[in-house]
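The values are calculated or read from the model by the stated rules, or taken from the named source; none is laboratory data. Since we're looking at a predicted model, the values are computed, not measured. Cβ placement follows ideal geometry from the backbone for every residue including glycine, while neighbour counts extend to all protein chains displayed. The accessibility values were calculated without ligands, DNA or RNA, using every heavy atom of the protein model including side chains. Shrake-Rupley method; radii C 1.70, N 1.55, O 1.52, S 1.80 Å.
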Amino acid sequence: MIRAQDLRVLRWPLLLAVTLTGLGGGAVWLAHTRFDAATRQHEHVRQQHTQANQRLLQARTDEHAVRQTIARYDALARQGLIGPEHRLDWVETLDAARRRHGIDTISYEILPQRRIDASDTGALPWMESRMRLSLQVRHAEVLLRLLDDLRRVGTAIVHADSCRLTRRADQAGLDGECDLRWLTLQTDTPT
């Protein structure tokens, strides 16, 4: 059994032991609390880092797509498909094809340019100019060659809506009529 005199002697060491045990427990609690806070902060920073990396990867992907789009746009603009119509080039192509294929007579009417889709509000709306082409040829293959020549025009996409061939009354050849659409992309839409 512990005597009262021993308790008096041990009183200060026991008080110191209890105090140190309390301080040690407090230090462990504080370390654990700060560790949890640091772990949460680390996880938050890691998530921010992951999100930043994802945004960077998306930006690089977008940059690549934008560069490809710009390169394609530049190529189409150099080709003449984007911007104002090149009607004079079209007429010169028709005249060259007439001479090359020995077309007897050719005439055409080009209607005013208009938007294909009036509700399209994009930056590069598709525009069309309709052309009624009338010609006299010796045989149908000449018309097909002419249409192939027109499809090779770089300043427009030429789409044949319809073509009709009829034998001329004098049996000397064919009369042809074609409805064509010359499609371009326009940066500044005419009013």
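Identify all residues within segment 78-90 that are open to solvent by 40 Å² or more (accessible area, probe 1.4 Å), in a helix (DSSP H, G or I) and of a type outside the set (D, E); write none if there are none.
Taking segment 78-90 as the starting set, the residues that turn out to be open to solvent by 40 Å² or more (accessible area, probe 1.4 Å) are 78-79, 84-89.
Applying the additional criterion that residues be in a helix (DSSP H, G or I) yields 78-79, 87-89.
Passing the criteria: R78, Q79, R87, L88.
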- Output the residues belonging to segment 155-191 that are surrounded by 12 or more Cβ atoms within 10 Å (Cβ to Cβ) and either closer than 14 Å to Y108 by Cα or without any contact (Cβ under 8 Å) to a residue 24 or more places away in the chain (or both). A160, C163, D175, G176, E177, C178, D179, L180, R181, W182
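Quick check on my filter: what residues within segment 98-135 are assigned to a loop (DSSP other than H, G, I, E, B), over 28 Å from G173 (Cβ atoms) and touching a strand residue (DSSP E or B) at 6+ places or on another chain (Cβ under 6 Å)? Don't jump to the end; show me each part of the working.
In the first step, residues of segment 98-135 are kept if they are assigned to a loop (DSSP other than H, G, I, E, B); the result is 102-104, 111-113, 116-125.
From the residues that got through so far, the ones that are over 28 Å from G173 (Cβ atoms) too are 112-113, 116-125.
If the condition is that a residue be assigned to a loop (DSSP other than H, G, I, E, B), over 28 Å from G173 (Cβ atoms) and touching a strand residue (DSSP E or B) at 6+ places or on another chain (Cβ under 6 Å), then Q113, I116, L124, P125 are the ones that fit.
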- Item | Filter result (open to solvent by 60 Å² or more (accessible area, probe 1.4 Å), modelled with pLDDT of 90 or more and closer than 14 Å to E85 by Cα) within segment 116-154 | R130
- Is it true that R100 is open to solvent by 70 Å² or more (accessible area, probe 1.4 Å), among the basic types (K, R) and in contact with a helix residue (DSSP H, G or I) (Cβ under 8 Å, 6 or more places away or on another chain)? yes
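Every residue in segment 70-88 that is farther than 26 Å from E109 by Cβ and more than 18 Å from the chain's Cα centre (by Cα), please. Can you show your working first?
Just the residues of segment 70-88 that are farther than 26 Å from E109 by Cβ, to begin with: 70-78.
Across segment 70-88, the qualifying residue is only R78.
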- Could you please let me know if R132 is more than 22 Å from Q79 (Cβ to Cβ) and either without any contact (Cβ under 8 Å) to a residue 40 or more places away in the chain or touching a helix residue (DSSP H, G or I) at 6+ places or on another chain (Cβ under 7 Å) (or both)? no
- Task: Might you let me know whether segment 138-149 holds any residue that is part of a strand (DSSP E or B) and among the acidic types (D, E)?
- Result: no
